[in-house]
Amino acid sequence: MAWAILHPLSLLILYWFVFTFMIPGGRLGFGAGGGGHPYLYFLIGGLLPWIGFNEGLTRSTTTIVENSALVRRLVLKRELLVVVPNVSALIFESVGLLLFVVFLAVTGESLRGLWILPFALVMQFLLQLGIGFMLAGLYVMFRDLLHVIGFLLSVLFYLSPILYSVSGRFEKFFFWNPLTPLFGLFRSALLDSPLPDARSIVFLLIIATASLVSGLLFFGRVQPALADLI
């Protein structure tokens, strides 16, 4: 539980210091309709869900191999081995979100959009669970996958609106990243900023659903061979 707080807190302090003091201009705004919140609030609204997303995918990738004894000896639904780390990551993320909500309430910030938060968490869970099923099955066959995933997640971090808001000529590019509307939903819930465009929310819903369905189908296809491969 201590790491659930210390890990995101240390990252928040680091990024806040770099982007508030080291980069000229002091505070960074949200762009149009940002509501004038400090940059730190904007950063928290994107970094907390990213930490949960990153943790869920990383732990999903190795969960079958790490629990090889259970896979070989026990009759169980192996899908649970992927579900558990994603639920765990979401719980730790929710602890951070709860602390942030309490802070916002104490400082008198508006929490009118808080009703959006459960929807955002569900969308995140569906998306990362579907991807997690695919990664868990692939890692059993390709053990170098973990290094590839680490690299891709690092790239995705900087190609997602976590440290900055998206505007101008790159908006169309970021539209195809499902994390863009996802993080927009979190910021709408926590900071009462405008909701993402309806098209991007529908896109996120389609991608999350397709991810879960295809992940389950793929995992079911490779599941009979898991015990032999590990």
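The values are calculated or read from the model by the stated rules, or taken from the named source; none is laboratory data. If you're wondering where the values come from, they're calculated on a predicted model, not measured in any experiment. A quick note on method: Cβ atoms are made from the backbone with ideal geometry, for glycine too, and the neighbour counts reach across all protein chains shown.
Can you tell me which residue in region 110-143 is farthest from the chain's Cα centre (by Cα), limited to those that are farther than 20 Å from Leu57 by Cα and crowded, with 17+ Cβ neighbours inside 10 Å?
Residue satisfying both the conditions and the ranking: Gly113.
Within region 173-185, is there a residue that is hydroxyl-bearing (Ser, Thr, Tyr) and closer than 30 Å to Glu66 by Cα?
no
If you go through region 209-229 one residue at a time, do you hit one that is more than 18 Å from the chain's Cα centre (by Cα), surrounded by 19 or more Cβ atoms within 10 Å (Cβ to Cβ) and within 22 Å of Val122 (Cα to Cα)?
Yes, some residue in region 209-229 is more than 18 Å from the chain's Cα centre (by Cα), surrounded by 19 or more Cβ atoms within 10 Å (Cβ to Cβ) and within 22 Å of Val122 (Cα to Cα).
Can you confirm whether region 147-157 contains a residue that is of a type outside the set (Phe, Trp, Tyr) and either under 28 Å from Phe103 (Cβ atoms) or modelled with pLDDT of 95 or more (or both)?
So far as region 147-157 goes, yes, one or more of its residues are of a type outside the set (Phe, Trp, Tyr) and either under 28 Å from Phe103 (Cβ atoms) or modelled with pLDDT of 95 or more (or both).
Give the residue that is nearest to Phe174 (Cα to Cα), with candidates limited to residues of region 187-230 that are charged (D, E, K, R) and part of a loop (DSSP other than H, G, I, E, B).
Checked region 187-230; the qualifying residue nearest to Phe174 (Cα to Cα) is Asp197.
Taking the conditions exactly as written (in contact (Cβ under 8 Å) with a residue 12 or more places away in the chain, part of a loop (DSSP other than H, G, I, E, B) and closer than 23 Å to Leu40 by Cβ), does Ser94 satisfy them or not?
When the stated conditions are applied, Ser94 does not pass them.
Being within 25 Å of the chain's Cα centre (by Cα), part of a helix (DSSP H, G or I) and over 22 Å from Ser214 (Cβ atoms) is the filter here; which residues of region 58-88 pass it?
Glu66, Ser88
Might you let me know whether region 165-182 holds any residue that is of a type in the set (Gly, Ala, Ser) and within 19 Å of the chain's Cα centre (by Cα)?
Scanning region 165-182 turns up at least one residue that is of a type in the set (Gly, Ala, Ser) and within 19 Å of the chain's Cα centre (by Cα).
Using the structure shown, decide if Glu93 is charged (D, E, K, R), within 22 Å of Gly184 (Cα to Cα) and surrounded by 12 or more Cβ atoms within 10 Å (Cβ to Cβ).
yes
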